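> What follows is a single structure, and I will ask about it in a moment.
The values are calculated or read from the model by the stated rules, or taken from the named source; none is laboratory data. All of these numbers come straight from a predicted model, not from anything done at the bench. As a convention, Cβ positions derive from the backbone with ideal geometry for all residues, glycine included, and neighbour counts pool all protein chains shown. What goes into the accessible areas is simple: the full protein's heavy atoms, side chains included, and nothing from ligands, DNA or RNA. Shrake-Rupley method; radii C 1.70, N 1.55, O 1.52, S 1.80 Å.
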Amino acid sequence: MIQLLVLGDARMAQALVDYLTTLGIACELTQSELGVSVWLADEQRLAQAQLEVKRFLSEPNHPRYLEASWQSGRADARIDYSKGMADPVTDFLHHAGPLTLLVIVACLAIYALQAIGLPLFDLLAFHPTLAQFGDWQAWRYVTPAFIHFSVLHLVFNLLWWWYLGGQIEQRLGSGKLLILLLVGAALPNIAEFLVSGPRFGGLSGVIYALLGYCWVRGRLQPASGFTLPPALMGFMLFWLALGFFDLLGTSMANMAHLMGLLVGLLQGWLDRHHRPA
């Protein structure tokens, strides 16, 4: 059998299997800590199944899947359909791996300590000048990503980090997420410094790297299980454009956003043949 994809919601996985059944494509479900896996029984139907999976991921709430469940659906006793319906705190923790949670805690702690007057910006900000690029304070390439300047800035970035970083860590492990975090912080930070100087901060460059990565993996490899609704991708690209046209009424690290997106797109393309563990 071939794994088509992994979903966090057991009922959505069942609806997809029910729809594939109406097309004569036999599939089975298995459950693990990562979610519910959809397995294709007939490998000769792989191409058709992948097309249907791609269509399902782009519109999972389409009536065709509900109708299929009514027509051919049956409950699988091995699957816990309550998964994905937990209380908000449990669901939040279940979606996030240890690195995802660690970064959230670090950003919250740094923001709180700055709010009570500790001068952390000078310690964590990017190198003040080009002449200091080669000194021993290498952390400054990454740590600006952990600095935030308002509650809205912090919450917006952390929600995206949880949503996208959680997907990557759950499916590919903490190592892959760490690479995306470090590269998705360092390269955008360098680009932003060259354009606007050292006074910037926030996870936004990393967020755009994760966004590009999940989008490419989902498009080129539906079986990877990465889901990113087209509307969300469209919103973030629109947000990026608004920043470059200076229509948001606030200072934005636009070059960091763009460079982060390019980093994610490239890494997603390089990983397009890698299968999740």
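> Residue under question is Ile190, and the condition is that it be over 15 Å from Ile110 (Cβ atoms) and over 13 Å from the mean Cα position of the chain (by Cα); does it hold? Break it down stepwise before answering.
Values: over 15 Å from Ile110 (Cβ atoms): yes; over 13 Å from the mean Cα position of the chain (by Cα): yes.
Criteria met by Ile190.
> While we're on this one: Mind checking which helices (runs of 4 or more DSSP H) fall wholly inside the stretch 167-277 and carry at least 3 residues that are open to solvent by 10 Å² or more (accessible area, probe 1.4 Å) and either closer than 24 Å to Tyr141 by Cα or aromatic (Phe, Trp, Tyr) (or both)?
174-196, 230-244, 254-270
> Out of the residues in the stretch 38-55 that are surrounded by 20 or more Cβ atoms within 10 Å (Cβ to Cβ) and of a type outside the set (Val, Ile, Thr), state the one that is farthest from Arg219 (Cα to Cα).
Leu40
> Quick one: would you say Ala241 is hydrophobic (A, V, I, L, M, F, W, C) and in contact with a strand residue (DSSP E or B) (Cβ under 6 Å, 6 or more places away or on another chain)?
Numbers: hydrophobic (A, V, I, L, M, F, W, C): yes; in contact with a strand residue (DSSP E or B) (Cβ under 6 Å, 6 or more places away or on another chain): no.
No, not satisfied.
> In the stretch 105-121, how many are farther than 22 Å from Leu182 by Cβ and in a helix (DSSP H, G or I)?
Selection size over the stretch 105-121: 4.
> Are any residues in the stretch 127-159 open to solvent by 30 Å² or more (accessible area, probe 1.4 Å), in contact (Cβ under 8 Å) with a residue 60 or more places away in the chain and not in a loop (DSSP other than H, G, I, E, B), and if so, which ones?
The answer is none; no residue qualifies.
> Within the stretch 1-30, count every residue that is closer than 18 Å to Gln167 by Cβ and open to solvent by 30 Å² or more (accessible area, probe 1.4 Å).
4
> Mind checking whether some residue in the stretch 203-218 is touching a residue at least 60 places away in the same chain (Cβ under 8 Å), among the hydroxyl-bearing types (Ser, Thr, Tyr) and closer than 30 Å to Ile2 by Cβ?
no
> Answer with yes or no whether Gln114 is at pLDDT 85 or above, open to solvent by 60 Å² or more (accessible area, probe 1.4 Å) and not small (Gly, Ala, Ser).
Taking the combined requirement at face value, the residue does not satisfy it.
> If I ask for residues that are assigned to a helix (DSSP H, G or I) and surrounded by 12 or more Cβ atoms within 10 Å (Cβ to Cβ), which ones from the stretch 89-104 would you list?
Asp91, Phe92, Leu93, His94, His95, Leu99, Thr100, Leu101, Leu102, Val103, Ile104 - these are the residues of the stretch 89-104 that are assigned to a helix (DSSP H, G or I) and surrounded by 12 or more Cβ atoms within 10 Å (Cβ to Cβ).
> Kindly indicate which of Asp87, Asp76, Asp42 is under 25 Å from Gly166 (Cβ atoms), of a type in the set (Asp, Glu) and modelled with pLDDT under 90.
The match here is Asp87.
> Only residues that are within 16 Å of Ser224 (Cβ to Cβ), hydrophobic (A, V, I, L, M, F, W, C) and at pLDDT below 90: list them for the stretch 246-277, please. Let's see the steps before the verdict.
Taking the stretch 246-277 first, the residues within 16 Å of Ser224 (Cβ to Cβ) are 264-265, 267-277.
From what is left, the residues that are hydrophobic (A, V, I, L, M, F, W, C) are 265, 269-270, 277.
Within the stretch 246-277, Ala277 is the sole residue that qualifies.
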